[in-house]
Amino acid sequence: MKLDEVIISKAIVDRFFQKFLSHLETDVAIVGGGPSGLVAGYFLAKAGIKVTLFERKLSIGGGMWGGGMMFNEIVVQKDALHILDEFKIRYHEYHSHHYTADSIETISMLTAKTVQAGVTIFNCMSAEDVLMRQDRVIGLVINWSPVEMAGLHVDPLSIRSKYVIDATGHAIEIVHVVQKKVPGKLNTASGHAEGEQSMWSDKAETMTLQNTREVFPGLYVAGMAANATFGGPRMGPIFGGMLLSGEKVANELLTKF
Ligand code: 48F
């Protein structure tokens with residue numbers, strides 16, 4: 001066996017840039033690799049849509065790794081079990097309507113199946129702005145997360161997409177950018193992000209689904225971002241709403257293609 005460090009380096013650089021170049025134009029750009037973003041990407045890609053997902057952190061999975069308060073189990077309600085089945089994630093009934101799953105298994109399976117369904121994930125990249133034309137979002141402005149974290153003055157790059165999904169969780173980073181920098185109002189009651197309310201799991205899970213929709217032409221919200229945008233309580237470590245929201249936004253977008 002003769003391994004060559006330069007070939008190893010060339011292979012990585014070459015393959016990465018082939019991948020990156022082929023995603024400068026995409027059908028759906030998802031910001032955030034938490035449960036809602038992953039599930040949205042999975043169902044879109046499974047239907048043949050080109051999907052590119054940007055995640056700020058090195059690891060995919062968002063707020064799911066730590067279960068509740070770092071106890072790495074999650075709760076999923078009965079209505080969302082078909083999604084766990086789709087991803088072949090094991091679960092146990094704990095109480096009527098309350099099922100549990102191992103958070104590590106859940107994220108691992110969501111990530112593996114999403115990538116294998118065809119979603120290309122760029123980790124360690126942050127979306128810092130959107131691309132605009134007239135009154136519509138047409139893509140994202142992205143940069144390396146380490147540039148952002150170090151506060152370095154380095155200009156970003158842009159990718160064009162037919163639709164963008166803000167799946168950034170509580171922070172609703174893309175919605176905030178649009179609210180601040182793009183003329184026009186959001187499709188919410190006040191025209192601005194309504195903000196999330198204190199914990200009420202049952203109500204929050206229902207509202208997450210209702211709130212999963214287009215918030216500005218070309219921009220959809222999913223997961224916790226849906227409640228933070230349209231107004232609704234937080235839900236804590238119950239994840240069925242996140243999974244169902246990902247499925248819903250994918251189904252809504254599929255009607256556009
Ligand atoms: O927070 P997160 O897991 O979002 P989610 O899919 O799920 C919410 C739950 O985890 C939990 C909850 C429900 O029980 O309330 O909080 O709605 O994942 C959001 C991901 O987006 C990334 C962030 O690092 C996280 O992994 N992210 C946030 N802003 C950006 C981003 C950005 N500007 N660019 C790229 N990634």
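The values are calculated or read from the model by the stated rules, or taken from the named source; none is laboratory data. This one's a predicted model, so the numbers in the text were calculated from it and none came from an experiment. Cβ coordinates were reconstructed from backbone atoms using ideal geometry, including for glycine residues, and neighbour counts include every protein chain displayed. Accessible surface areas use protein heavy atoms only, side chains included; no ligands, DNA or RNA. Shrake-Rupley method; radii C 1.70, N 1.55, O 1.52, S 1.80 Å.
Side notes on the structure shown:
- Residues that are away from the ligand (no atom under 13 Å from the Cβ), within 16 Å of the chain's Cα centre (by Cα) and aliphatic (A, V, I, L, M) within region 1-43 comprise just one, Val28.
- Selection status of Phe87, among the hydrophobic types (A, V, I, L, M, F, W, C), open to solvent by 30 Å² or more (accessible area, probe 1.4 Å) and away from the ligand (no atom under 13 Å from the Cβ): no
- Listed conditions (1) open to solvent by 60 Å² or more (accessible area, probe 1.4 Å); (2) in contact (Cβ under 8 Å) with a residue 12 or more places away in the chain; (3) in contact with a helix residue (DSSP H, G or I) (Cβ under 8 Å, 6 or more places away or on another chain) are all met by Gly169, apart from (1).
- Residues in region 201-242 that are part of a loop (DSSP other than H, G, I, E, B), in contact with a Gly (Cβ under 9 Å, 6 or more places away or on another chain) and either among the hydroxyl-bearing types (Ser, Thr, Tyr) or more than 12 Å from the ligand (Cβ to nearest atom) (or both): Thr212, Pro217, Gly218, Gly231.
- Residue in region 221-228 that is at pLDDT 95 or above and open to solvent by 20 Å² or more (accessible area, probe 1.4 Å) present: no
- Boolean, Leu152 is open to solvent by 30 Å² or more (accessible area, probe 1.4 Å) and either farther than 26 Å from Ala40 by Cα or in contact with a helix residue (DSSP H, G or I) (Cβ under 6 Å, 6 or more places away or on another chain) (or both): yes
- Options Ile12, Ile74; residue that is open to solvent by 20 Å² or more (accessible area, probe 1.4 Å) and more than 19 Å from Leu140 (Cα to Cα): Ile12
- When residues of region 44-65 are limited to those that are within 9 Å of the ligand (Cβ to nearest atom), more than 17 Å from Leu243 (Cα to Cα) and outside any strand (DSSP E or B), the one most open to solvent (accessible area, probe 1.4 Å): Lys57
- Within region 243-256, considering residues that are open to solvent by less than 10 Å² (accessible area, probe 1.4 Å) and not small (Gly, Ala, Ser), the one farthest from the ligand (Cβ to nearest atom): Leu253
- Selection over region 174-200 of residues that are near the ligand (Cβ under 10 Å from one of its atoms) and surrounded by fewer than 18 Cβ atoms within 10 Å (Cβ to Cβ) gives a count of 2.
- Selection from region 243-257 of residues that are outside any loop (DSSP other than H, G, I, E, B) and touching a residue at least 40 places away in the same chain (Cβ under 8 Å): Leu243, Leu244, Ser245, Gly246, Glu247, Val249, Ala250, Asn251, Glu252, Leu253, Leu254
- Reported count of residues in region 66-78, each being among the hydrophobic types (A, V, I, L, M, F, W, C) and within 12 Å of the ligand (Cβ to nearest atom), is 3.
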